[in-house]
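Below is one structure, written out as structure tokens, with a few remarks after it.
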């Protein structure tokens with residue numbers, strides 16, 4: 001769609017800008033709608049904390065965010081944000097000065113727990129009379145909102161003073177083995193000398209010690225068996241004196257020193273020993289907790305029903321008993337062989353109890369997939385522990401159906417107004433050959449349709465069938481060293497056959513098979529495929545052959561060959577270092593093809609030789625009602641097959657592309673790049689762009705809009721920055737090659753907004769993107785000219801013998817509407 005009258009969008013943008021500025025510049029008082037407030041009585045409308053003192057910025061923000069939770073309930077205005085600008089307050093509490101004292105008490109208790117023992121408080125409040133404005137629809141239909149409101153703002157000024165610093169930490173455990181273990185792991189303590197003190201750190205240290213002890217046989221030891229003593233006594237006061245004036249002077253000096261430079265000494269004891277020595281009280285002594293235990297018998301119940309009570313199944317006579325070297329199986333029908341229990345248990349009879357190995361064992365059985373619920377009971381027998389592990393099988397067979405859709409509109413009008421729809425059916429077998437082997441069979445079909453009436457409806461059809469087997473152990477001709485220490489280990493065999501028909505351009509048939517290993521260690525997930533074989537058969541049709549004439553580089557990407565490669569990928573997930581509401585995901589993968597088999601002369605003209613890297617980093621910062629999501633992606637591949645049949649670039653099915661619902665959303669699928677080259681825009685009708693290098697940055701601010709029934713409606717503001725390039729020089733298309741000197745010209749920038757409908761089990765997303773900077777835009781260095789705004793770009797003219805003028809104008813949209821399933825990243 002093209003707007004002939006350019007002033008219309010300008011006026012629209014100016015109008016929207018005016019209203020945004022007007023609404024955001026209004027004070028929060030005017031943007032607050034209050035319902036059911038007490039008449040002629042001051043009520044709490046606003047709370048504010050002002051933190052004084054010389055604190056680091058991160059520490060100040062942390063304390064401010066936490067202190068907001070310690071307002072007294074009767075002094076807290078619980079406002080709800082609407083549309084990111086307005087606020088709503090229902091049933092506000094009546095203001096009472098007595099609640100300020102309780103608030104100070106709560107906040108002081110929190111600051112004490114953080115090591116701030118010398119905080120000072122100053123509270124102020126003021127009442128303003130306010131009349132509800134008719135501008136708010138909430139007040140327009142609420143006649144009670146028109147009386148005068150006496151809104152009270154409560155301000156709490158806090159100077160927390162200096163945080164107490166840890167001066168020393170001592171372990172004074174009477175049990176020699178507990179003392180030895182504590183000292184052996186002392187370097188890992190969070191209570192470092194010179195670091196700020198807090199009760200959370202002390203609790204963390206006690207928890208760390210308990211974890212160490214429970215890894216070394218102390219099954220019944222808990223936090224209650226340990227005690228931490230804090231001492232803030234000034235050592236100068238320990239010097240004896242009989243002069244009361246001198247003692248008073250020392251006390252005053254010690255108090256002043258503590259305020260200027262507060263320090264604390266920490267000591268950790270075994271609780272029973274501490275009370276016995278200091279209070280002659282033996283009731284806290286727990287001999288069972290100070291005893292090391294060993295693993296006794298291990299019993300597996302692999303056919304436990306979900307409705308059965310585990311305690312009632314122990315030693316039940318109607319089970320069949322199968323004794324093995326390290327364990328015993330109790331079953332009914334023999335649905336499982338004993339191999340999964342040998343491979344996935346970290347516990348062995350006679351070994352010292354280790355809580356970590358126990359949890360790893362339970363987690364492994366949960367992750368296999370054959371069992372939906374895992375439970376256990378532990379029986380203490382002398383100094384041994386007998387484990388009864390109850391496993392409830394999942395339904396063996398499961399069928400799922402999926403439907404996906406995506407919509408891409410207009411880079412090249414009439415050629416990219418596409419709507420894609422795909423469906424798949426998946427059959428899962430969770431217990432192949434009674435060995436908990438997972439088998440997944442998937443059948444997928446899809447079509448891509450052109451919604452332009454002048455073009456053929458069906459543009460692309462595709463179909464694929466995939467078979468995957470996951471064996472819950474490592475299968476290898478050689479022993480994998482240290483494999484027993486890994487979690488969720490499995491061997492994966494995969495085979496996939498696919499067919500793609502891109503109308504008038506090409507038909508691609510492929511058969512891909514791989515053998516590899518997957519494992520996990522804490523928060524790190526690894527995958528390695530030592531053998532990945534991909535066979536391709538490509539038929540080039542008339543449209544693609546014509547494109548080769550005007551864009552010869554395409555011929556080197558669209559050729560027939562096979563891939564024999566190995567693939568390594570690594571993913572790590574971790575929270576923020578100082579903020580648990582921050583999540584981070586980093587992924588890296590590398591694929592190397594032809595490095596070994598390419599040395600065989602008879603295969604050199606039949607297989608590709610290349611190396612390809614890609615890395616992705618995602619960060620999500622969760623606020624109370626909003627989320628800031630960030631993403632950085634980079635990928636590069638180098639073809640070293642030579643200048644012969646396989647050309648300079650990666651095969652197109654291994655190349656990178658940008659645009660679409662999940663990448664550079666202001667461009668349609670595969671319609672960005674290469675670099676600032678115009679060759680794909682001005683030559684031929686095949687305008688898909690594939691490159692050997694991709695760089696991309698994304699940022700998205702997500703916020704809640706409303707809840708309609710069970711559907712959560714959210715909005716988003718986003719920006720995408722990036723492009724796709726080739727790596728090797730091409731004299732016929734020099735602007736498609738990555739160059740630092742031309743990077744500023746090549747980079748593409750899109751901005752936009754979107755709306756999401758979250759149905760809990762899936763999410764529908766509609767995003768609208770605007771090309772703020774388009775490398776293919778000739779005017780204004782690629783930047784969008786708002787003073788001469790247009791929704792389409794008609795700069796390109798190509799020779800057309802069928803046109804009376806001998807030229808044809810190519811129109812490209814400056815925007816794109818994307819329909820997607822799930823979040824973009």
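Screening region 529-642 for strands (runs of 3 or more DSSP E) wholly inside it with 3 or more residues that are in contact (Cβ under 8 Å) with a residue 60 or more places away in the chain and under 21 Å from residue 510 (Cα atoms) returns no ranges. If you go through region 346-367 and keep only what is at pLDDT 90 or above and under 17 Å from residue 471 (Cβ atoms), you end up with just 365. Among the residues of region 133-154, is any at pLDDT below 75 and assigned to a strand (DSSP E or B)? Among the residues of region 133-154, not one is at pLDDT below 75 and assigned to a strand (DSSP E or B), which makes the answer no. For region 541-564, the condition of being modelled with pLDDT of 90 or more and farther than 30 Å from residue 503 by Cβ holds for at least one residue.
Considering region 334-364 alone, what residues qualify as being in contact with a helix residue (DSSP H, G or I) (Cβ under 8 Å, 6 or more places away or on another chain) and under 16 Å from residue 489 (Cα atoms)? Within region 334-364, 340, 344, 345, 346 meet the criteria. Of the conditions (1) within 26 Å of residue 750 (Cα to Cα); (2) out of contact with any helix residue (DSSP H, G or I) (no Cβ under 7 Å at 6 or more places or on another chain), residue 637 satisfies every one except a single condition; which number is it? The single condition residue 637 does not satisfy is (2). Cβ separations smaller than 9 Å between residues 6+ apart or across chains give the following pairs from region 255-270 residues that are over 16 Å from residue 191 (Cα atoms) to residues that are part of a helix (DSSP H, G or I) and modelled with pLDDT of 70 or more: 270/178; 270/225.
Put simply, of 413, 478 the only residue that is loosely packed, with under 15 Cβ neighbours inside 10 Å, at pLDDT below 90 and at negative phi is 478. Restricting the first member to region 311-323 and to residues that are under 19 Å from residue 378 (Cα atoms) and in the same structural domain as residue 378 (by TED's automatic domain parsing), and the second to residues that are at pLDDT 75 or above and loosely packed, with under 13 Cβ neighbours inside 10 Å, no beta-carbon pair is closer than 6 Å while six or more apart or on different chains. Could you please let me know if residue 443 is at pLDDT 90 or above, touching a strand residue (DSSP E or B) at 6+ places or on another chain (Cβ under 6 Å), loosely packed, with under 14 Cβ neighbours inside 10 Å and on the phi < 0 side of the Ramachandran plot? Yes. Listed conditions (1) over 22 Å from residue 161 (Cα atoms); (2) at pLDDT 85 or above; (3) loosely packed, with under 11 Cβ neighbours inside 10 Å are all met by residue 194, apart from (1). Here 748, 714 are screened, and the one residue that is under 24 Å from the mean Cα position of the chain (by Cα), touching a residue at least 24 places away in the same chain (Cβ under 8 Å) and in the same structural domain as residue 666 (by TED's automatic domain parsing) is 714. Residues that are surrounded by fewer than 19 Cβ atoms within 10 Å (Cβ to Cβ), out of contact with any helix residue (DSSP H, G or I) (no Cβ under 6 Å at 6 or more places or on another chain) and modelled with pLDDT under 85 number at least 1 in the following strands (runs of 3 or more DSSP E) confined to region 714-825: 792-799, 807-813, 815-821.
Within the bounds of region 391-402, is there any residue that is in a strand (DSSP E or B), closer than 24 Å to residue 355 by Cα and modelled with pLDDT of 70 or more?
Among the residues of region 391-402, at least one is in a strand (DSSP E or B), closer than 24 Å to residue 355 by Cα and modelled with pLDDT of 70 or more, which makes the answer yes.
Is it the case that residue 201 is at pLDDT 85 or above, part of a helix (DSSP H, G or I) and farther than 30 Å from residue 383 by Cβ? Spelling it out, residue 201 is indeed at pLDDT 85 or above, part of a helix (DSSP H, G or I) and farther than 30 Å from residue 383 by Cβ. For region 308-389, the helices (runs of 4 or more DSSP H) that sit wholly inside it and include 1 or more residues that are within 25 Å of residue 221 (Cβ to Cβ) are 310-313, 355-368. On the stretch given as region 179-188, residues that are surrounded by fewer than 20 Cβ atoms within 10 Å (Cβ to Cβ) and either assigned to a loop (DSSP other than H, G, I, E, B) or in contact (Cβ under 8 Å) with a residue 60 or more places away in the chain (or both) total 1. With respect to the conditions (1) within 28 Å of the chain's Cα centre (by Cα); (2) touching a residue at least 40 places away in the same chain (Cβ under 8 Å), residue 502 lacks only one, and its number is (1).
The values are calculated or read from the model by the stated rules, or taken from the named source; none is laboratory data. The structure presented is a predicted model; accordingly, all values stated were derived computationally and were not measured. Neighbour counts run over all protein chains shown; Cβ positions are idealised from the backbone, glycine included.
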